[in-house]
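Have a look at the structure below, then the notes.
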Amino acid sequence: MRYHPLGKTGSQVSLIGLGCARFGGIFAPKSKTEYVQLIHQAIAEGITLFDTADMYAQGESEQILGDALHGHRQSVLISTKVGYCLPAQRYVASALKPLLRPVLQALHLRRTSLPTALRGLPTQNFSPTYIITAAEQCLRRLQTDYIDLLLLHSPPAAVLASGEFLEPLETLRAQGKVRYLGVSCESTTDAFTCLSYPQLSVLQVRVSLLDQSAATKLLPRSSAQGLGIIARECFAGGLLAKAPHQRDLDTFISDPA
């Protein structure tokens, strides 16, 4: 495994990280034990960067990661995200996971096959109170005293332009609950807005064979400013991992920035 400094954080991380978005949840194809084993295998292979979010599997992804990192906390960097609010339907489903999971698996149902009324649509909240409360809940689920990297989860352009999100993030850092601050950007245009905030250490952006805008336009600027970049959706949301007959390229919209 190769390692590289994560921007101006000074922390060395593996060039390949492990995304935990699919860990847990009603539709998870594996058991919690298998996900823990997968994380342990990743550590054994030299991976030190683990990326999750409070909304993944209604917080179960963070819980699994926290369980798996007992005894490994000092040797890894945890990145998590806040800003999304899950609908009531998903919290109900979370409480009923042990009952619903075998039924849904037996019926071979997928999340996308359920009507929106049953799944509910997430909303967003980037108010100071919500950011601080959400981060403290992340700490409990991850079973840690500090979060290495706290990212805002796809905030709208207006939120980024206002800069009001910085105050609660700085408060969390001053309290020792967060080490580094960043934004998981919805577009390359949003990432350029973030370049004006020296308080941020890391940006997470889409980079894939189908979307090169961040690699070609953002990286020169971010590198000059010492910002760390974490690539996400490297397989274009799963599109590049599908067989040719399963791909629908018309549904993929590359960021024009």
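The values are calculated or read from the model by the stated rules, or taken from the named source; none is laboratory data. Computed from a predicted model, the values in this text were never measured in an experiment. Neighbour counts run over all protein chains shown; Cβ positions are idealised from the backbone, glycine included. With ligands, DNA and RNA removed, areas are computed over all heavy atoms of the protein, side chains included. Shrake-Rupley method; radii C 1.70, N 1.55, O 1.52, S 1.80 Å.
A few comments on the model shown:
- Overall, the accessible surface of region 129-239 at a probe of 1.4 angstrom is composed of carbon and sulfur to the extent of 55 percent.
- Aspartates and glutamates with Cα under 17 Å of K30, excluding same-chain neighbours fewer than 8 positions away: E60, E62, D67
- For q = 0.12, 0.13, 0.17, 0.21 Å⁻¹, Debye-computed log10 I/I(0) when each Cα of region 9-85 counts as one equal scatterer: -0.31, -0.36, -0.61, -0.92
- With the simple model of a label 7 Å out from the Cα in the direction of the Cβ, S31 to A158 spans 4.8 nm.
- Modelled label positions at N125 and I16, each set 7 Å beyond Cα in the direction of Cβ, lie 3.9 nm from each other.
- For F235 and C85, a Förster radius of 30 Å and the Cβ-Cβ distance give a FRET efficiency of 0.65, rounded to the nearest 0.05.
- Between K8 and H72, residue separation times 0.36 nm minus the direct Cα-Cα distance comes to 20.7 nm.
- Remark: region 184-224 carries 42 Å² of accessible area per residue (probe radius 1.4 Å; ligands, DNA and RNA excluded).
- Near P155, once Lys and Arg are set to +1 and Asp and Glu to -1 for all other residues with Cβ below 9 Å from its Cβ, the sum equals -2.
- Taking Lys and Arg as +1 and Asp and Glu as -1, the other residues whose beta-carbon sits under 12 Å from that of P168 total -2.
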